[in-house]
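Shown next, in structure tokens, is the structure this report addresses.
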């Protein structure tokens, strides 16, 4: 019996495949991580593992000749992963960023292309004769120019572009939601997720370049070379993700996706109930200012909307609505305005010789960039210029 000989490329693909499958399975078994987070990450890793397996059994002659000698089914069923990886990535990013994300029927519709693939696959297999599979198995050019397979590749790349763009948009607009619930955002940087999405784009670009080289220039050598480098990049990405990215992103605390500044139900009610909500906002608005000044909650650099709402004894959403509608600010701006006034009082003190870093900390800021930005937005000058100008006026 011949012993299969694996190349370095085969070994790397095999290692990454096993790694993805093990990690994905373990995530489904653990229960100390929120279900939505581990479910979509597990789905992403399992799909990546299937993609590695798909590449391995087609391009590795050892695997092809020793394991899959007659059956053609494994060469096609694993293509299913092409419609799972991208939406799984998107919903994993969304479940990490937004703590109120829940899976609905609408969510499951995003995986409809995968279900459609399973329905159409038997039709495709039965529509091709034995000669086609013999040629397609040994000659990728033959398979590449088969129009249903070519349509699959195009649909796969379109899926990657669409969901990659959506995931990127979530990360780009995340701070808008963050500022609704946090008074300090310098530590809330979802680096692990940024790494995940950028890595996803890098891998897609490498595979897409290989696809274009094949399609437009008919350069088999260049396409295969790009595909090989894409495999190496994929292996590096998965290992980096497991070592660093997962730990960072799993520990990340999300915010509510609900954005009160975009909600108008409390302003123009349809059933009359909004009138009482409007009255609640009107009566709560002065209380917010009174409590904030009296207890100086703004001096806590880690103050959140949840903490402030609990101290007031009012629902979080009502407090957020009131800040948005009555003060026309988000929570981040609302709290930092008080901090800025505190900083101005410190800087006006004739006997005050505190360094700017101390002024920043005493007024509740814990980010120098946020301190300078808020101060200049409110006064038009920097804190240092404010102190010097006030001394000159004295």
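Structural remarks
- Wholly enclosed helices (runs of 4 or more DSSP H) of the stretch 1-100 bearing at least 1 residues at pLDDT 80 or above and over 20 Å from residue 230 (Cα atoms): 8-29, 35-59, 73-77, 85-97
- Annotation: of all residues in the stretch 130-174 being farther than 21 Å from residue 109 by Cα and within 25 Å of the chain's Cα centre (by Cα), the one that is surrounded by the most Cβ atoms within 10 Å (Cβ to Cβ) is 174.
- Among the candidates 362, 376, residue that is at pLDDT 85 or above and out of contact with any helix residue (DSSP H, G or I) (no Cβ under 7 Å at 6 or more places or on another chain): 376
- Test: residue 116 is farther than 30 Å from residue 64 by Cα and assigned by TED's automatic domain parsing to the domain that holds residue 214: no
- Hey, residue 130 more than 21 Å from residue 214 (Cβ to Cβ), assigned by TED's automatic domain parsing to the domain that holds residue 41 and at pLDDT below 90 or not: yes
- Restricting the stretch 290-303 to residues that are surrounded by fewer than 18 Cβ atoms within 10 Å (Cβ to Cβ) and outside any helix (DSSP H, G or I) leaves a set whose member that is farthest from the chain's Cα centre (by Cα) is 296.
The values are calculated or read from the model by the stated rules, or taken from the named source; none is laboratory data. Computed from a predicted model, the values in this text were never measured in an experiment. Every residue, glycine as well, gets a Cβ built from its backbone with ideal geometry; the counts of neighbours run over all protein chains shown.
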